[in-house]
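A.B. asks: Handing you this structure, nothing more for now.
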Amino acid sequence: MFRISQYMRELAKAEKTGCYPQVCERQARGPVVIWNLIRRCNLTCKHCYALSADHDYVGELSLPEVFTVMDDLKGFGVPALILSGGEPLLRPDIFDISARAREMGFYTGLSTNGTLIDRPLAQRIAQAGFDYVGISLDGLKPTHDKFRRLDGAFDRSLAAVRFLGEFGVKVGLRFTMTAMNAHDLPNLLQLMKDEGANKFYFSHLNYAGRGNIHRDKDAHHQSTRAAMNLLFDRAWADAQAGCMDDYVSGNNDADGPFLLHWVRQHLPQWEAAMAERLTRWGGNASGQMVANIDNLGHVHPDTMWWHHDLGCVRERPFSEIWNDTSDPLMAGLKQHPRPVEGRCAGCKYLAICNGNTRVRAQQLTGNPWFEDPGCYLTDEEVGAASTPFEAPASRSSSSRTSSRITRSRSPETDHA
């Protein structure tokens, strides 16, 4: 997750004091865990990475099994649990799980579509003491209802935001941008202000994309750049005004270098300090400080790697699975620098973005270390040229076609 507002507040303080602030961040021993406790969902969204449906799924972790895993996570130093699904509020014991998480000292977030939250349930969520509740909105009413495949979904989710606000719950809006909803972003940002939401999480679509493309002319990348500039400008205005609302982004660690370009343009005196700050941030954390456990107990490098199974917590503790680098993918993800190829290998910002989101390259090429097709910076900006991609001969045309789309919901790493 890329904390846009945090960096903007630091820049605002630097402008005020004449010195970039020293930031001491507590380093957790273990990763943030996004836990898909249930796969069932009352919606069938177009961009769901879990491919959920409104029926029960066999073999999901029982409450005693969940508690056993939580004990291991605590001992491993995991600082935060993001309880997700499917729709986690469909799990009957969700409040037992959240209560245990809070008792154990985990930062506890809830990721929900919001459509089930009426006033009584909002009150119960508030009483449960969740640190944060994220609600997905894919646009204004026409767009959102189309994405969620349910008429009235927008009204119900917006009502949930208001009900939670009544009870003092920290609530944020989550938005996954695609070509079909990018036009709604400015209005959603205004909606955030109008409704008093505390946070806006902007998720890049974790799409497989295209191979060797002209990034300076690609419509998707131009739309992404415009969206990020809008978020940067909004966050900078808020920081200058002393507003503590948060804008964060995820699923594209090119946001770090792109912010550095924004600073170079608007506040060049702080470029060197920001470059050092972003290098300490370190970019993509999949397989390092972000982890996923699915509803059956299988562990993945993050929520977008459901097709890559590292092991099951029913067979081995999470802590053992996470530290096992016999899996080539995990070995590479934990390596520094990562063994990236193509223009990523020659990119001057590799120390900032850490090679970006590897799953896009893997979905497109079968090679997780190929250059990330989702990077929206130009070859000139990164100081390296794109590498033409040729599909491996062993892969059939049908497999190449099926790998071009990675289903993606806004991932629940917006945990603070």
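A.B. asks: If you scan the stretch 183-229, which residues turn out to be within 28 Å of Gly168 (Cβ to Cβ) and modelled with pLDDT under 75?
C.D. replies: The answer is none; no residue qualifies.
A.B. asks: Pairs under 9 Å by beta carbon, first residue touching a residue at least 12 places away in the same chain (Cβ under 8 Å) and at negative phi in the stretch 106-120, partner in a loop (DSSP other than H, G, I, E, B) and small (Gly, Ala, Ser), six or more apart or different chains?
C.D. replies: Hits for this filter: Tyr107/Ala416; Thr108/Gly129; Gly109/Ala416; Ser111/Gly85; Ser111/Ser410; Thr112/Gly85; Asn113/Gly85; Thr115/Gly152.
A.B. asks: Considering only helices (runs of 4 or more DSSP H) fully contained in the stretch 84-166, which possess at least 1 residues that are touching a Phe, Trp or Tyr at 6+ places or on another chain (Cβ under 6 Å), of a type in the set (A, V, I, L, M) and crowded, with 23+ Cβ neighbours inside 10 Å?
C.D. replies: Qualifying helices (runs of 4 or more DSSP H): 119-128.
A.B. asks: To continue, here is another question. Among residues belonging to the stretch 272-308 that are aromatic (Phe, Trp, Tyr) and touching a residue at least 60 places away in the same chain (Cβ under 8 Å), point out the one that is nearest to Ile38 (Cα to Cα).
C.D. replies: In this case the residue turns out to be Trp306.
A.B. asks: Further, regarding this structure: Looking at the stretch 350-371, I want the residues that are of a type in the set (Phe, Trp, Tyr) and have a partner that is not in a helix (DSSP H, G or I) with Cβ atoms under 6 Å, at least 6 apart or on another chain. Which pairs are those?
C.D. replies: That search, which allows pairs on different chains as well, returns Trp369/Pro339; Trp369/Val340; Trp369/Glu341; Phe370/Glu341.
A.B. asks: Something else now. Report whether or not Arg404 is at pLDDT below 95, basic (Lys, Arg), surrounded by 12 or more Cβ atoms within 10 Å (Cβ to Cβ) and within 16 Å of Asp253 (Cα to Cα).
C.D. replies: no
The values are calculated or read from the model by the stated rules, or taken from the named source; none is laboratory data. Remember, it's a predicted structure, so these values are computed and weren't measured experimentally. Heads up, the Cβs are rebuilt from the backbone with ideal geometry, glycines too, and the neighbour counts pull from every protein chain shown.
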